[in-house]
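Student: Structure provided below as structure tokens; questions to follow.
The values are calculated or read from the model by the stated rules, or taken from the named source; none is laboratory data. Nothing here was measured: the structure is a model prediction, and the numbers come from that model. Glycine gets a Cβ as well: all are built from the backbone with ideal geometry, and neighbour counts include every protein chain shown.
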């Protein structure tokens with residue numbers, strides 16, 4: 001896929017993900033939040049839970065999961081640590097989640113890590 005098309009598709013998926021999360025009671029605190037060493041797609045909060053969300057738009061769930069390799073997840077986790085002081089005041093739980101945007105399906109979340117993570121999805 002061409003880089004420009006991939007960028008357009010990624011931005012569309014991030015907008016859809018934000019809309020989906022808002023429908024499920026999450027408040028968007030930041031989009032494309034930049035920190036030294038990287039960027040995360042969404043920072044959201046619901047109650048006392050802060051989630052740093054990596055959005056992946058792929059043709060199927062397997063391709064989306066493969067796009068989140070160990071090094072990418074580590075970069076997102078480091079970004080989450082750096083963003084927590086800015087956005088996580090008063091939060092009991094901080095999570096790193098993946099949200100898959102797949103053709104013909106509703107967005108699907110996959111909790112990946114976080115202290116106190118009980119394995120529940122964002123939605």
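Student: Can you pull out the residues in the range 80-90 that are surrounded by 15 or more Cβ atoms within 10 Å (Cβ to Cβ) and either under 16 Å from residue 28 (Cβ atoms) or modelled with pLDDT under 90 (or both)?
Tutor: Within the range 80-90, 80, 83, 87, 88 qualify.
Student: Could you say whether any residue in the range 26-34 is over 12 Å from the mean Cα position of the chain (by Cα), over 17 Å from residue 10 (Cα atoms) and surrounded by fewer than 16 Cβ atoms within 10 Å (Cβ to Cβ)?
Tutor: For the range 26-34, residues over 12 Å from the mean Cα position of the chain (by Cα), over 17 Å from residue 10 (Cα atoms) and surrounded by fewer than 16 Cβ atoms within 10 Å (Cβ to Cβ): present.
Student: Given the residues 99, 122, which is the only one that is closer than 22 Å to residue 13 by Cα, at pLDDT below 85, touching a helix residue (DSSP H, G or I) at 6+ places or on another chain (Cβ under 8 Å) and crowded, with 21+ Cβ neighbours inside 10 Å?
Tutor: 122
Student: Okay, moving on. Of the numbered conditions (1) over 13 Å from the mean Cα position of the chain (by Cα); (2) exposed (fewer than 13 other Cβ atoms within 10 Å of the Cβ), residue 93 fails exactly one; give the number of that condition.
Tutor: Condition (2) is where residue 93 drops out.
Student: Next question. Taking the options 77, 64, name whichever one is closer than 18 Å to residue 20 by Cα and part of a helix (DSSP H, G or I).
Tutor: Just a single option satisfies the conditions, and that option is 64.
Student: Looking only at the range 76-94, how many residues end up being touching a residue at least 40 places away in the same chain (Cβ under 8 Å) and within 19 Å of residue 37 (Cα to Cα)?
Tutor: Looking only at that region, the number is 6.
Student: Please go through the range 41-75 and give me each residue that is surrounded by 13 or more Cβ atoms within 10 Å (Cβ to Cβ), farther than 21 Å from residue 92 by Cα and either touching a helix residue (DSSP H, G or I) at 6+ places or on another chain (Cβ under 7 Å) or in contact (Cβ under 8 Å) with a residue 24 or more places away in the chain (or both), ordered by number.
Tutor: 41, 55, 56, 57, 58, 61, 64, 65, 68, 73, 75 - these are the residues of the range 41-75 that are surrounded by 13 or more Cβ atoms within 10 Å (Cβ to Cβ), farther than 21 Å from residue 92 by Cα and either touching a helix residue (DSSP H, G or I) at 6+ places or on another chain (Cβ under 7 Å) or in contact (Cβ under 8 Å) with a residue 24 or more places away in the chain (or both).
Student: State whether the residues of the range 19-37 include one that is in contact with a strand residue (DSSP E or B) (Cβ under 9 Å, 6 or more places away or on another chain), in contact (Cβ under 8 Å) with a residue 60 or more places away in the chain and part of a helix (DSSP H, G or I).
Tutor: The answer is yes; a qualifying residue exists.
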